[in-house]
Amino acid sequence: MVDSRRRQLLGLSLAAAALGAAPFAWRALRRGHHHAPNSAPTPAPGASTAGPDALFQQPLRIPGREGLMADVHLRGPLALQSRVDGFNVFPGQPTPLWHYAGQWEGHAIANPVLHVAHGQTLQVSLDNRLQEATTVHWHGLVVDEANDGSGLHPVEAGMQRAYRIRVANRAGLYWYHAHPHQRTGLQVHAGLAGLLLVEDDEELALRKRLGLQWGDRDLPLLIADKQVDTANRLVYRSGADDWIGNRVLVNWTPEPFLEVVPGLYRLRLANVCNARVLRPAFLHEEQALEFHLIGTDGGLLAQPWPMEDLFLAPAQRADVLVDFSRLPPGARVVLRSLDYVPMENEDESGAFAPDPMGDHPAAEPMGAGLDLMQFCVAGCGDDVRGNGGRGAAGASGSRRAAAIPASLSSLPAPPDTRGWPVRPFRLHMDSQGAWFINGHNFHRDGHAPAFTVKRGTREVWELRNAMTSMPHPIHVHGVQFRVVERRISPQDVRSRQVAEGGLGPQDLGCNDTVLVWPGETVRIAIDFDQPFDGNQQYMLHCHNLEHEDMGMMLTFAVTD
Ligand code: C2O
Ligand code: CU
């Protein structure tokens, strides 16, 4: 058994070696592949003076008309296929990605960014061209069981199904991903994930006030670490613990850079990692740049919160405003996941002692600092506006520091839950290393609902993690909930308290995934006011996808 400190040291030295070597290897590859079609675009000519550092070689992918993350403003039905194709993600050989492919306005699209309005009916069909069952799960949406896309309703290889959802959610960044039993980790790691942006009147009003254009200074940052081999393939081993990557993709671009104007940007971060909890911060010369958190999983907060970093667990989203206006032209800002104590404590039994370096060669261990991408601040003069290129050159900019509205939405404070029934959930691992929720393991104990909730009722769910454990991002299907209390939180979490009940800024929004640290007890308030009658079965699970696939999941039913 390898103790965790040694694991960490080992990991750091291996990872440092890999990081040091990587940029040179890429440059060599790129030189040899200039003829490759669709090879990684080279930085715009204007980028040379304020160019990126060696690690950050590729421009960030911006949602466009075609390809990965193309913008799709849904007005009618969209047909998607789940399939595998090669994409030029890294310099050199193409990377086979499992993805949701389609055609939109004459263009081939992959894992599109879907834009829908509150109240609209989203209609997406899936034609499964993979060799195995898959689904499209609409993470965070209020849906009925049939359209939830959980593993309870797999779409077998060669089969089709149509999802039809009347969008009842608040505006916000949601996402969709594959969710077949025991294969979610593999399929999401292989690429089956995309973003869904919901709009409503409050959101449109805020956009108007901020004056930031989507795709220009309002950008999604889909962050996922991947285990990549020397032939540019994404590798995954089913049954492994906590699949963490040796490379970081932001918008399917490895370690990218983005040229920005010295002004305000709205960045919508989504942690699409299988298992890695991120701690994003914007660093200028190693100093954290203050940003404002304006939204969480389920949309806008009532008011912005100034922060220097936040914890973003797998499946969580954070909507932030970052002001580059005080930085000089040429300044570089690194979006780094800061190091933190991962609290991955082995069980006393010693059962939970996988050697992560064996599983993930050259991966930074959980909790280690990790550079995600870089922003280069371009000069804001006429030369920049005039040359009409991509990134900052195309961005509308002004040096005026934009005002951040003091009030963002009409979201009420978390409810007073005195008198609500409390349903306790204990998260733990047994001596075999299997994960449980209330002693229930999805594979051992079956898929029948573990309990039933009456529709129209409100409940407090109390999630209690074991003392020696791991942080678990707990996700509930079919609802958005409110975090109402954190107890016995680690210092790093306690120090973020801004409201009664130990709540930090991220707890004050609507959420569908909440991180529960070892030793911690977190209470969430759920209003089961779904409009769906009959018997609706949903999942409650850990969104560490390896934990989910190992059975840290249960089914519950909402009935009339
Ligand atoms: Cu994002 Cu049950 O999943
Ligand atoms: Cu977990």
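Annotations for the structure displayed:
- Per-residue ³J(HN,Hα) for the stretch 297-314, Karplus 6.51 cos²θ - 1.76 cosθ + 1.60, θ = phi - 60°, Hz, x for Gly and Pro: 3, x, x, 5, 6, 5, 9, x, 10, x, 9, 10, 6, 8, 8, 10, 7, x
- Gyration tensor (alpha-carbon) shape descriptor, the stretch 465-560, a/c threshold 1.5: oblate
- 3J(HN,Hα) from dihedral phi, the stretch 218-229, Karplus parametrisation 6.51/-1.76/1.60, rounded to Hz, x for glycine, proline: 10, 10, x, 10, 8, 10, 8, 8, 10, 8, 10, 8
- Long-range HN-HN contacts of VAL453 with modeled amide H, under 5 Å: ALA557, VAL558, THR559
- For the stretch 111-229, a simple Cβ point-charge model (Lys and Arg +1, Asp and Glu -1, everything else neutral) yields a dipole of about 140 debye relative to the Cα centre.
- Residue ranges 370-378, 319-327 sort as 370-378, 319-327 when ordered by packing (mean number of other C-beta atoms within 10 Å per residue, highest first).
- Annotation for GLN213 and GLN93: the two label points, set 7 Å from Cα along the Cα-Cβ direction, are 4.0 nm apart.
- Rounded to the nearest 0.05, the FRET efficiency derived from the C-beta distance between LEU204 and ALA108 at R0 = 35 Å is 0.75.
- Net length gained if the chain between HIS447 and ASP229 were fully extended (0.36 nm per residue, minus Cα distance): 74.9 nm
- Ordering of 267-273, 450-456, 167-173 by packing [mean C-beta count within 10 Å, highest first]: 267-273, 167-173, 450-456
- For the stretch 448-505: rounded, prolate or oblate by the Cα gyration tensor [a/c cutoff 1.5]: oblate
- Extended-chain gain in nm, criterion 0.36 nm per residue less alpha-carbon gap, GLU156 and GLN432: 96.2 nm
- 5 angstrom amide H check on GLY67, placed H, neighbours 5+ away: ALA108, ILE109, ALA110
- Farthest toward positive dipole pole in the stretch 422-559 [+1 Lys/Arg, -1 Asp/Glu at C-beta], among PRO505, GLN536, VAL479: PRO505
- Magnitude of the charge dipole, the stretch 454-545, Cβ model with Lys/Arg +1 and Asp/Glu -1, debye to 20: 160
The numbers here are math on the coordinates, done by the rules we state, and not lab data. Please read these numbers as outputs of a predicted model, since none were measured by experiment. As a convention, Cβ positions derive from the backbone with ideal geometry for all residues, glycine included, and neighbour counts pool all protein chains shown.
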